[in-house]
1. Taking H placed 1.01 Å from N in the peptide plane, check which residues at least 5 places from Ala29 or on another chain put their amide H under 5 Å from its amide H.
2. Could you give the length gained on full extension between Trp15 and Thr74, defined as 0.36 nm per residue of separation minus the Cα-Cα distance, in nm?
3. Give me a comma-separated list of calculated 3J(HN,Hα) values for region 34-47, in order, Karplus coefficients 6.51, -1.76, 1.60 applied at θ = phi - 60°, integers in Hz, x for any Gly or Pro.
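A short reminder: the numbers here are calculations on the coordinates, not readings from a lab. Predicted model only: the values in this text are computed from it and were never measured.
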Amino acid sequence: MTSSRPYLIRGIYEWISDNQHTPHVLVDAEMSGVQVPPKFVVEGRIILNVSANATAKLIMNNEAIEFDARFGETVWHVYVPIEAVLAIYARENGRGMAFTDEETEDGSSGEGEETPASENSAPVTKRKKPGKPQLKIVK
């Protein structure tokens, strides 16, 4: 079966937009194929505003999120493979979904869960340890 991640990303994006909030994605900028402005990468990650107002030519398909956006005075073509998306959430309240990189026994990708966060914090990310799953709030 194909990964459900691109479908969940598009669904959460639409839900956030329909509620007049601003969708952001947290991206693993060090993953192969990611094209983002390196100046804005912090600790191997970048947060991108993917709202209709912040992007031009936005394309979200099963392979990638792709758009043009202004970073400072420069317009960049941004390309993010779906596997590099770590989370999608609303800037205003932190609600959205985080994704894991782990695969389940049947080979399908592990999926995240809805993760509320405080207004000024980054999305909650999941880190799996053998045994019980644990959540860590990143501020």
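1. Arg45, Ile46
2. Between Trp15 and Thr74, full extension yields an extra 18.3 nm.
3. 6, 10, 9, x, x, 4, 9, 7, 10, 6, x, 10, 9, 9
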